[in-house]
Amino acid sequence: MQFFIDTADLDEIRDAAEMGVIDGVTTNPTLIARTGRPMKDVVKDICEIVDGPISAEVIATDYEGIVREGREVAKMHPNIVVKVPLIADGIKAVKTFTAEGIKTNVTLCFSPTQALLAAKAGATYISPFLGRVDDISGEGMELLEQIVTIYQNYGFETKVLAASIRHPLHVVQAALIGSDVATIPHKVIRQLLKHPLTDAGLARFLEDAKKTPS
Ligand code: G3P
């Protein structure tokens, strides 16, 4: 499973990139707003840190606007993936982007039928929002499983990108289901690393090492 980092914070991206564990980056308007900088400046900087797919989301919600914004952002760097909301005009725009060879990430997916439409339009990635389904007492993982199965049944090339990941168990479950990618917040990437027995074991080894004559 590929790991993308779900953030627009350059320090977080650098930290994960230095660990060598990330294959790409996803951003959204909320994450960009937190930086206090214009979207294009942030995305340009991210492209210099990570050599992999970088999702940058359009703000327009009408077909012409989505296509205009998407083409503009796609021009910035070959690694840019245009992130498009799962609405009718978004799906229409995905078809246009696909024909032009522009990669897309269809976002705000909450049902298997939405995922089917995105795949039929030729989306590069579909982003089911697992945590937000859980937030309303749904089963985010059931949604992920349904999408993975449906795509496998028909050989769709659209990659499943597990999004709205909130904790390490989400990562484990997404990997067991066979999601192509998980986009993970920096805090959760760090949590993946932690185990009390590792810390205790290391402390013991270091203590014992002091007893070894040099
Ligand atoms: O990038 C989209 C998604 O990962 C958002 O996550 O935690 O705001 O639901 P969250």
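Laboratory data are not the source of any read-out in this text; all were calculated from the coordinates shown. Since this is a predicted model, take the numbers as computed values, not measurements. When we count neighbours, we look across all protein chains shown, and the Cβ atoms used for this are built from the backbone with ideal geometry, even at glycine.
Per residue, the Cα convex hull of the stretch 2-211 amounts to 134 Å³. Across all Cα atoms of the stretch 23-136, the radius of gyration (one decimal) and Dmax (whole number) stand at 13.5, 38 Å.
With helices as the sole contributors, the chain gives -16000 deg cm²/dmol at 222 nm; each DSSP H run of n ≥ 4 counts as -39500 (n - 2.57), and the sum is divided by every residue. Working from Cα pairs under 8 Å separated by at least six residues, relative contact order for the stretch 1-132 is 17 percent. Legend: residue pairs Lys44/Lys120; Lys103/Lys187; Lys44/Lys194; Lys120/Lys187; Lys187/Lys210; Lys44/Lys83, Cα-Cα distance threshold 24 Å; pairs beyond threshold, Lys44/Lys120; Lys103/Lys187; Lys44/Lys194; Lys120/Lys187; Lys187/Lys210. Annotation for the stretch 120-214: GluC sites (Glu not before Pro) lying in DSSP loop with at most 11 further Cβ atoms inside 10 Å of their Cβ are Glu157.
Relative contact order for the stretch 73-151: 25 percent, from Cα pairs under 8 Å spaced at least 6 residues apart, divided by residue count. Gaussian network model of the chain, Cα springs within a sub-10 Å range: biggest mean-square fluctuation belongs to which of Ser137, Ser111, Ser127? Of Ser137, Ser111, Ser127, the most mobile in the Gaussian network model is Ser137. Highest mobility in the GNM of the chain, judged by mean-square fluctuation with C-alpha springs under 10 Å and restricted to Val171, Val21, Val94, is found for Val21. Which residue, Ala99, Ala203, Ala119, tops the fluctuation ranking in a GNM of the chain built on C-alpha contacts under 10 Å? For the chain, modelled as a Gaussian network with Cα springs under 10 Å, the answer is Ala203. Membrane-span-like helices of the chain, defined as complete DSSP H segments with a Cα extent of 20 Å or more along the helix axis and a mean Kyte hydropathy of at least -1.0, are identified as 140-154, 196-210.
Simple spin-label estimate for Gln191 and Lys75 gives 4.1 nm between the two label positions (7 Å along the Cα-to-Cβ direction from each Cα). With +1 on each Lys and Arg Cβ and -1 on each Asp and Glu Cβ, how big is the dipole of the chain about its Cα centre, in debye rounded to the nearest 20? Dipole of the chain, to the nearest 20 debye: 80 debye.
Averaging the sequence gap over all C-alpha pairs within less than 8 Å and six or more residues apart, then dividing by the number of residues, gives the stretch 152-193 a relative contact order of 45 percent.
Could you pull out the longest piece of the chain with no exposed loop trypsin sites (Lys or Arg not before Pro) in it, calling a site exposed if DSSP puts it outside H, G, I, E, B and it has at most 10 other Cβ atoms within 10 Å? The reported range is 76-193.
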